[in-house]
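Below is one structure; the comments refer to it alone.
The values are calculated or read from the model by the stated rules, or taken from the named source; none is laboratory data. Predicted, not measured: the structure shown is a model, and the values here were computed from it. Here the Cβ positions follow ideal geometry from the backbone for every residue, glycine too, while neighbour counts run over all protein chains shown.
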Amino acid sequence: MRTRMFAAATVALAALSLTACGGNDDGVRDEGASKPSAADSGSGAGSGTEPTSDRTRTTGSGGSTGAAGSTGSGGSTGSGGAASDQGADSDPDAPGNRVPCTAANTSVTAAPVTRPLNHMLITVTNTGSTMCDLPGRPILKFEGAQSVPPVIEESKPQAVTSLKPGAKGYAAAILLAGDGSGGASRQVNSLEVGFEGSDDFAEATLPAEGVHIDSSLRVTYWQSDSASALN
């Protein structure tokens, strides 16, 4: 009997001991839960700071993106198109950069040809460093002449003849009428050639024996080739 009572008391004590231990475990878990909760609130405050920093950095990078955009404005190198236009303006052959052909930037020769009969070929060479334009016809002043010969309108070219440095232009003078309709001829030994738009004349050397002209004397417009001048 005493033994059973002791055993029962032992069991009761063991049960009480287990209950006390279980209560202590729950308490530890509660305290543990409250600690992480506090850390969370602390980290929450920290995370509140981080996004602000992130937003600041993002704005900054956005600014740099804007700068990249301005790099795009480097596409304003498209203004290199203006440089291209400027390059075109510096082209010596561009119409705006040409000068008139005058006695100052050319040399002139004149020589009779065998065919067609009674024709003389006038050749002008651009001796300058810039392209020059030959508008109209040569203005011929033969020795002792009272007037300049008229131009043959049918010889007018479709465009003004232009000469690059060293290039040549041509015109022809019909010295005599083949049928004698020009009246009596006379010999001349000198010739000066002028250019439309200029008051200066260039000396053109004639053959030593000179040439003969009559009142039918006429001249063609300036041409870019001798065949067109003599036709």
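Quick rundown of the values:
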quantity: Matching strands (runs of 3 or more DSSP E) fully within region 132-231 where at least 1 residues are over 35 Å from the mean Cα position of the chain (by Cα) and of a type outside the set (Phe, Trp, Tyr); calculated: 139-142, 168-174, 186-188, 191-194, 201-204, 211-213
quantity: Residues located in region 113-154, provided they are at pLDDT 95 or above and either of a type in the set (D, E, K, R) or outside the structural domain of SER190 (by TED's automatic domain parsing) (or both); calculated: ASP133, ARG137, LYS141, GLU153, GLU154
quantity: Residue count, region 105-130 (criterion: surrounded by 19 or more Cβ atoms within 10 Å (Cβ to Cβ) and in contact with a Pro (Cβ under 6 Å, 6 or more places away or on another chain)); calculated: 3
